[in-house]
1. Taking Val19 and the conditions (1) closer than 16 Å to Arg102 by Cβ; (2) in contact with a Cys (Cβ under 8 Å, 6 or more places away or on another chain); (3) not aromatic (Phe, Trp, Tyr), which numbered condition does it fall short on, given that it satisfies the others?
2. Of the residues that sit in the range 31-45 and are in contact (Cβ under 8 Å) with a residue 24 or more places away in the chain and among the hydroxyl-bearing types (Ser, Thr, Tyr), which one is surrounded by the fewest Cβ atoms within 10 Å (Cβ to Cβ)?
3. Just checking, which of Tyr101, Tyr33 is of a type in the set (Ser, Thr, Tyr), in a strand (DSSP E or B) and under 16 Å from the mean Cα position of the chain (by Cα)?
4. Of the numbered conditions (1) farther than 14 Å from Cys34 by Cβ; (2) in contact with a helix residue (DSSP H, G or I) (Cβ under 9 Å, 6 or more places away or on another chain); (3) modelled with pLDDT of 95 or more; (4) not aromatic (Phe, Trp, Tyr), Val115 fails exactly one; give the number of that condition.
5. Which count do you get for residues in the range 10-30 that are surrounded by 14 or more Cβ atoms within 10 Å (Cβ to Cβ), in a helix (DSSP H, G or I) and either out of contact with any Asp or Glu (no Cβ under 6 Å at 6 or more places or on another chain) or of a type in the set (A, V, I, L, M) (or both)?
6. Residues of the range 46-83 being surrounded by fewer than 18 Cβ atoms within 10 Å (Cβ to Cβ) and hydrophobic (A, V, I, L, M, F, W, C), which ones?
7. Here are some residues: Ile135, Ile112. Which one is farther than 21 Å from Val14 by Cβ and outside any loop (DSSP other than H, G, I, E, B)?
8. Please indicate, with yes or no, whether at least one residue in the range 60-70 is closer than 15 Å to Ser9 by Cβ, in contact with a Lys or Arg (Cβ under 8 Å, 6 or more places away or on another chain) and either in a strand (DSSP E or B) or touching a residue at least 24 places away in the same chain (Cβ under 8 Å) (or both).
Amino acid sequence: MAKEQFRHSMPLRVRWAEVDPQSIVFNAHYLTYCDICVTEYWRAVGIRYPEDVLHAHGVDIFVVKSTLEYHASARFDDVLDIRGRIARMGRSSMLFRVEMYRGDEHLITGEIVYVCAGPESRKSTPVPGAVREKILAYEMVTPEG
């Protein structure tokens, strides 16, 4: 996917605590970077989590799958360009795609699948219309679905 297909982009500098003795980012930290990207994505879209999802609609979103594909390593003090978007939106699920770059070098591709469900029952439920509308209005590329 081309960098230009992501409207949401955020910088992140690799900190000393995130690297191994070779100054390479320890692999588990990339999921943390994805999570930071998701949090900032909701802010950019104009959705306050949990207020505009859990409290307003009585539903929550749960991670059911996450994958990372490593193309190259980030190192201590690198400034990463982390990009995220909703790539697919079904009735009750969303696929959030993340790509991480150092300059033009594509380092990581991540995918996180979220399911919208009742907070107590954990049974899938449709993505609230207001949430869906804000996502569709924000994205430059319409999510598959």
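1. If we test Val19 against (1) closer than 16 Å to Arg102 by Cβ; (2) in contact with a Cys (Cβ under 8 Å, 6 or more places away or on another chain); (3) not aromatic (Phe, Trp, Tyr), just (2) comes out false.
2. Tyr33
3. Step by step, each of Tyr101, Tyr33 is checked, and only Tyr101 is of a type in the set (Ser, Thr, Tyr), in a strand (DSSP E or B) and under 16 Å from the mean Cα position of the chain (by Cα).
4. All conditions are met except number (2).
5. Result for the range 10-30: 2.
6. Once the filter is applied, which keeps residues that are surrounded by fewer than 18 Cβ atoms within 10 Å (Cβ to Cβ) and hydrophobic (A, V, I, L, M, F, W, C), the range 46-83 yields Leu54, Ala56, Phe62, Val63, Val64, Leu68, Ala72, Phe76, Val79.
7. Values: Ile112 fails: farther than 21 Å from Val14 by Cβ.
Of the residues listed, the single one that is farther than 21 Å from Val14 by Cβ and outside any loop (DSSP other than H, G, I, E, B) is Ile135.
8. Checked the range 60-70: no residue is closer than 15 Å to Ser9 by Cβ, in contact with a Lys or Arg (Cβ under 8 Å, 6 or more places away or on another chain) and either in a strand (DSSP E or B) or touching a residue at least 24 places away in the same chain (Cβ under 8 Å) (or both).
The values are calculated or read from the model by the stated rules, or taken from the named source; none is laboratory data. The structure displayed is predicted, hence computed values, not measured ones. Glycine gets a Cβ as well: all are built from the backbone with ideal geometry, and neighbour counts include every protein chain shown.
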